[in-house]
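Participant: Mind looking over this structure? Questions follow.
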Amino acid sequence: MLNGKIDLRSDTITQPDKGMREAMANAVVGDDVLGDDPVVQDLERQTADLLGKEAAVFVPSGTMANQLAIRVNTRPGNAILLDANSHIYFYEAGAPAALAGVQCKLLTGDRGMFTAAQLEAAIPPRDIHFAQPSLVCLENTHNRGGGTIWPMDQLKSVAEAARKHNLLLHLDGARLWNASVASGIREADYASIFDTVSVCFSKGLGAPVGSLLAGSFLAIEKARFYRKQQGGAMRQVGILAEAAKYALKHNRNRLSEDHKNCQILAKGLSKLPGIEVDKAGPETNMLFINTGNHDAADLVKRFEGLGVRLLQTGQNTLRVVTNLTVKREEINEVLSAFEHLT
Ligand SMILES: Cc1ncc(COP(=O)(O)O)c(C=O)c1O
């Protein structure tokens, strides 16, 4: 519980705990633009190793990590192929067009995940009329897909199709930690399929700020240049990198608790008349709820009155994201609130 409310709007609403704040306060920092911050260097090395990549660069946000990847892996006028519900397309303020000058070619996946056949069908012929694709972007877990995890076989077949057409691959792994904890597949095994991978420390891991882009030495050297150009190079930023290191060490394995809480919530909600949740059940920490005849905006206000915060994602849809501020016993309180209001 946070500030007297059970906050299920997102896993980004967490506050740094005492241990994290102490680690931040004690960070020995330097000017990272001059290459002097030992904590940033340590975090970049540690995370690159964890992802099995040559190098990594610390950035302020997941959006910046994704957008640097697009600039690194494309040229202006190229096309990128991605799911219509991907964060990069849906929630990043038109950045692929504004910053990299690329066209988004959208695929209609199932809960965010498309097939090799869909990808191949979307690749245009080499002809002067068509923007030539150079990059495919995938998201794992998939946010708007409902926190879904790409099956490894499907990932591999999509990657094989992309390689056949000489396309590069980027993974938006803002919640790759959740995918790994839930599937038991190491982050490095997922990452090995991709040229570049972004990860966030500011989602389920509970750090206040910070993401990272990993890839080859050359890709990350280019990303550092674009990060500077876009104003994302920071000075004594070890204070934030220390929070990210703390989050990795203390909050990664506990993500399974969030997943369990989400399943318990989904199971309870599936018994209530008048609302609907995906029958397959949540794979990680996210759940979309169809509110049926209830207006979602109105419900959000009434839940707020009962001390429960939810996110409206459509006229009749709510999103729930379990996170480290929400305890198992509070899930019962949330279920009681649903019983009362729906
Ligand atoms: C899948 C995914 N990718 C990228 C981002 C962007 O992260 P940020 O908010 O740090 O820019 C988010 C944010 O929620 C996300 O859910």
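The values are calculated or read from the model by the stated rules, or taken from the named source; none is laboratory data. The shown structure was predicted, so the numbers you read here are calculated from the model rather than taken from an experiment. For neighbour counting, all protein chains shown are included, and Cβ atoms are generated from backbone atoms with ideal geometry for every residue, glycine included.
Participant: Restricting to segment 54-66, and then to whatever is more than 8 Å from the ligand (Cβ to nearest atom) and surrounded by fewer than 24 Cβ atoms within 10 Å (Cβ to Cβ), can you tell me which residue is nearest to the chain's Cα centre (by Cα)?
Facilitator: Selected residue: 55.
Participant: Another question, if that's okay. Quick check on residue 77: is it more than 16 Å from residue 144 (Cα to Cα) and free of Cβ contacts under 8 Å to residues at least 24 places away in the same chain?
Facilitator: no
Participant: Here is a further query. In segment 192-205, which residues are within 22 Å of residue 162 (Cβ to Cβ) and surrounded by fewer than 24 Cβ atoms within 10 Å (Cβ to Cβ)?
Facilitator: Selection gives 192, 193, 195.
Participant: While we're here: For segment 84-181, which strands (runs of 3 or more DSSP E) that fit wholly inside it have 1 or more residues that are without any contact (Cβ under 8 Å) to a residue 40 or more places away in the chain?
Facilitator: 103-107, 168-173
Participant: Just for segment 138-179: of the residues that are more than 18 Å from residue 63 (Cα to Cα) and among the acidic types (Asp, Glu), which one is farthest from the ligand (Cβ to nearest atom)?
Facilitator: 160
Participant: When segment 206-222 is examined, which residues are found to be crowded, with 20+ Cβ neighbours inside 10 Å and under 19 Å from the mean Cα position of the chain (by Cα)?
Facilitator: Correct list: 206, 207, 210, 211, 212, 213, 214, 215.
Participant: Determine if segment 180-196 includes at least one residue that is in contact with a His (Cβ under 8 Å, 6 or more places away or on another chain), under 18 Å from residue 54 (Cα atoms) and away from the ligand (no atom under 15 Å from the Cβ).
Facilitator: Taking every residue of segment 180-196 in turn, at least one turns out to be in contact with a His (Cβ under 8 Å, 6 or more places away or on another chain), under 18 Å from residue 54 (Cα atoms) and away from the ligand (no atom under 15 Å from the Cβ).
Participant: Turning to a different aspect of this structure: Counting only residues that are polar (S, T, N, Q), away from the ligand (no atom under 12 Å from the Cβ) and surrounded by 24 or more Cβ atoms within 10 Å (Cβ to Cβ), how many does segment 67-95 have?
Facilitator: 1
Participant: Could you tell me which numbered condition residue 93 fails, if it satisfies all but one of (1) in contact with a Gly (Cβ under 9 Å, 6 or more places away or on another chain); (2) under 27 Å from residue 237 (Cα atoms)?
Facilitator: (1)
Participant: Something else: Does segment 184-191 contain at least one residue that is in a helix (DSSP H, G or I), surrounded by 18 or more Cβ atoms within 10 Å (Cβ to Cβ) and among the aliphatic types (A, V, I, L, M)?
Facilitator: Checking segment 184-191: at least one residue is in a helix (DSSP H, G or I), surrounded by 18 or more Cβ atoms within 10 Å (Cβ to Cβ) and among the aliphatic types (A, V, I, L, M).
Participant: Can you find even one residue in segment 6-19 that is away from the ligand (no atom under 16 Å from the Cβ), part of a helix (DSSP H, G or I) and modelled with pLDDT of 95 or more?
Facilitator: yes
Participant: Give just the number: which of (1) over 17 Å from the mean Cα position of the chain (by Cα); (2) closer than 27 Å to residue 13 by Cβ does residue 164 not satisfy?
Facilitator: (2)
Participant: Restricting to segment 209-233, name every residue that is out of contact with any strand residue (DSSP E or B) (no Cβ under 8 Å at 6 or more places or on another chain) and hydrophobic (A, V, I, L, M, F, W, C).
Facilitator: 209, 218, 225, 233
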